[in-house]
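Single-structure report; data block below.
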Amino acid sequence: MSGTGLLSIAEAVLLPPDLWDGLGAGDLDLTEANRQRTARVWLSLCAVSEGSADAGRVRREVLRDGGLTVALSLPAVEFVAWFRAAPWAEFDSTDRTGSEAWAMAALQRAWSACESMGVLASQRALLAARGSAAAAPDSL
């Protein structure tokens, strides 16, 4: 464990995935740059523009969800597997829209990013894939 008592992303990734759900953002040792990068990727996957009315809600979702933050730090193909198996009903967008269509679209965007990375998708996180995760977001 890191010296601050908080988990680094590398330490959190080593936890069993079922423990990630219990992690809050306050349990992770993240820099402000880490937080902003994670939020940008989640906004992109959810197809929400930075200036849109939904941007704040979507940004808050990832910034308070330690499990989602950890999963977004996995290699891209591992994130896709995690997200595919995630209970989509627990995400704010499902509750707000009454549908999981947003999640299917986010999964497609994540998969497209993996395809654009090729073999690197098994080594690089979506966080590192500049511009490959939905370059032009549409509305949620």
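For ARG84, state whether it is within 13 Å of the chain's Cα centre (by Cα) and more than 21 Å from ARG64 (Cα to Cα). When the stated conditions are applied, ARG84 does not pass them. For ASP54, are the conditions met, namely being acidic (Asp, Glu), more than 22 Å from ARG124 (Cβ to Cβ) and within 14 Å of the chain's Cα centre (by Cα)? Against the criterion (acidic (Asp, Glu), more than 22 Å from ARG124 (Cβ to Cβ) and within 14 Å of the chain's Cα centre (by Cα)), ASP54 does not qualify.
For TRP82, the conditions (1) out of contact with any Pro (no Cβ under 7 Å at 6 or more places or on another chain); (2) of a type in the set (Phe, Trp, Tyr); (3) within 14 Å of ALA106 (Cα to Cα) all hold with the exception of (1).
Across the range 1-14, the qualifying residues are those that are modelled with pLDDT of 85 or more and in contact with a helix residue (DSSP H, G or I) (Cβ under 8 Å, 6 or more places away or on another chain), and the one among them that is surrounded by the fewest Cβ atoms within 10 Å (Cβ to Cβ) is LEU6. Filtering the range 20-38 to residues that are among the hydrophobic types (A, V, I, L, M, F, W, C) and either within 11 Å of VAL70 (Cα to Cα) or touching a residue at least 24 places away in the same chain (Cβ under 8 Å) (or both) leaves TRP20, LEU23, ALA25, LEU28, LEU30.
Within the range 40-51, the only residue that satisfies the criterion of being within 15 Å of the chain's Cα centre (by Cα) and of a type in the set (Ser, Thr, Tyr) is SER44. Kindly indicate the residue of the range 43-66 that is touching an Asp or Glu at 6+ places or on another chain (Cβ under 7 Å) and surrounded by fewer than 22 Cβ atoms within 10 Å (Cβ to Cβ) and also nearest to VAL13 (Cα to Cα) among those meeting that condition. So, considering only residues that are touching an Asp or Glu at 6+ places or on another chain (Cβ under 7 Å) and surrounded by fewer than 22 Cβ atoms within 10 Å (Cβ to Cβ), the one nearest to VAL13 (Cα to Cα) is GLU61.
If the condition is being hydroxyl-bearing (Ser, Thr, Tyr) and assigned to a helix (DSSP H, G or I), then the range 51-87 contributes only THR69. For the range 15-32, the count of residues that are part of a helix (DSSP H, G or I), at pLDDT 95 or above and in contact with a Phe, Trp or Tyr (Cβ under 7 Å, 6 or more places away or on another chain) is zero.
Within the range 36-49, being in contact with a helix residue (DSSP H, G or I) (Cβ under 6 Å, 6 or more places away or on another chain), of a type outside the set (Gly, Ala, Ser) and not in a loop (DSSP other than H, G, I, E, B) holds for ARG37, THR38, VAL41, TRP42, LEU43, LEU45.
The values are calculated or read from the model by the stated rules, or taken from the named source; none is laboratory data. From a predicted model like this one, the values you see are computed outputs, not experimental measurements. Neighbour counts are summed over all protein chains in view; Cβ atoms, including those assigned to glycine, are modelled from backbone coordinates with ideal geometry.
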